[in-house]
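The values are calculated or read from the model by the stated rules, or taken from the named source; none is laboratory data. Since the model is a prediction, treat every value here as computed from it, not as a measurement. Neighbour counts run over all protein chains shown; Cβ positions are idealised from the backbone, glycine included.
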Amino acid sequence: MAKGLGGMGNLLKQAQEIQAKLAQIQEELGRKTVEASAGGGMVRVTVNGQLMLSSIQVDPAVINREEKEMLEDLILAAVNEGMRRAREMVSEEMSKVTGGLKIPGLMP
């Protein structure tokens, strides 16, 4: 019986260590960013590892009332690509801790 408890205690300790590492990675991801662009760089966005949009830059050349929908499409495309890249970055960082194990609810 003692062997069973020792193994369970070791498993609990490992789970706590992983939890601490994950918390550290999540904090670090808040400082890491990815960039994406659309329209040949006319619209650029920056997204952090917590999937927060931190900046949008629009080239003044694409600001035109008659082409409002095109600008909206470029912004949408750039944001979606930025979010995709940020999710990819998060997944890579988390897999370093989980060893590639897919844990439901852990990764976006």
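Residues are listed down the side, and each one gets a yes or a no for (1) modelled with pLDDT of 90 or more; (2) assigned to a strand (DSSP E or B); (3) touching a helix residue (DSSP H, G or I) at 6+ places or on another chain (Cβ under 6 Å); (4) surrounded by 11 or more Cβ atoms within 10 Å (Cβ to Cβ):
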| residue | (1), (2), (3), (4) |
| --- | --- |
| 66 | yes, no, no, no |
| 69 | yes, no, no, no |
| 74 | yes, no, no, yes |
| 80 | yes, no, no, yes |
| 87 | yes, no, no, yes |
| 94 | no, no, no, yes |
| 100 | no, no, no, no |
| 107 | no, no, yes, yes |
Q: Within the range 66-101, track down each residue that is within 17 Å of residue 34 (Cβ to Cβ), within 16 Å of the chain's Cα centre (by Cα) and hydrophobic (A, V, I, L, M, F, W, C).
A: 78, 79, 83, 86, 89, 90, 94
Q) Within the range 3-55, restricting attention to residues that are assigned to a helix (DSSP H, G or I) and in contact with a Gly (Cβ under 9 Å, 6 or more places away or on another chain), which residue is surrounded by the fewest Cβ atoms within 10 Å (Cβ to Cβ)? A) 28
